[in-house]
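Here's the structure we're looking at; comments come further down.
The values are calculated or read from the model by the stated rules, or taken from the named source; none is laboratory data. If you're wondering where the values come from, they're calculated on a predicted model, not measured in any experiment. Note that each Cβ is placed from the backbone with ideal geometry, even for glycine, and that neighbours are counted across all protein chains shown. What goes into the accessible areas is simple: the full protein's heavy atoms, side chains included, and nothing from ligands, DNA or RNA. Shrake-Rupley method; radii C 1.70, N 1.55, O 1.52, S 1.80 Å.
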Amino acid sequence: ESLSLVNPETRMQVLASLVPLMGSPTRSEELHQWQAPVNLVEPLREAFSQLSVHTGGEKTYQPFRMEEEEILVAALLGDQPLHTINMMLQFIKEGKDPLHLAQLVELAAAERIVRFHTQNDFGDWIAVLHTFTHAHAVYEMISRSRQPLLLRAVFYGAISVYLDRFLNVPAAARPKPAPGG
C-alpha cells in the first residue's frame, strides 16, 4: 500500500530501508516482556496447535454479534491476556470469521492510540503505532487469503495490544468529537 503512494523513483529507497530490519530480526517470543510477568509464549503455542484443526479450506463463517465484538475489544484492551487468547481461540472454534477477528484486533490497536497520552515518549508512540500498522497489515493479508498461518499474526497483534497497555499508563481520556462534527 505504501509503495503505491510514493514516486516510482523513490520505491527502491523505501524497499532498501527494510533490509536492515530483515537482516537482524528479533522474534517477539525472545523478548522478556513476552515471558514475564505472564508467560505469553506457551499459551500462544498451545493456541496455535489448536488453530490448525479449526482453520483452512473454504468455510462459511459465523458473524460476530455486537455483544461479542464489544466483549472481545474490551478484553483486548484489558489486563488478562490469557483470557483474551482463550476467548479468541473459542471464537475460531465456533467458526467466527478470521477477517472480522483481525478487524477487531485492529480496532483495539486504534483505540490504544486514541487513549495514548501526549506526554508519552516518542519511542512509546512508535510502539503503539507499530502495533496498529501490524494489525492493519494482518487484516489486509487475511482479506486476500485465509491461509491458516496468517491467523497466528492476529494473535500476535492481540498480545502486542496487551503489551502496549504498559505504555498507556495513565491512559488519556478519549477525545470528544468537535461540536457540529
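Quick notes on this structure:
- Mean-square fluctuations from a GNM of the chain, with a 10 angstrom spring cutoff on Cα atoms, peak among 154, 38, 105 at 38.
- Portion, in percent, of the accessible area of the chain that falls on carbon or sulfur, probe 1.4 Å: 59
- Solvent accessible area, Å² - residue 134, 1.4 Å probe, full protein context: 60
- Between 84, 133, 118, the GNM of the chain built on Cα springs shorter than 10 angstrom shows 118 fluctuating the most.
- Accessible area (Å², per residue) of the chain, counting only protein heavy atoms and a probe of 1.4 Å: 62
- Extreme residue, positive dipole direction of the chain, given options 88, 177, 142 (C-beta unit charges): 142
- Residue 171/residue 80 FRET efficiency (R0 22 Å; Cβ-Cβ; nearest 0.05): 0.85
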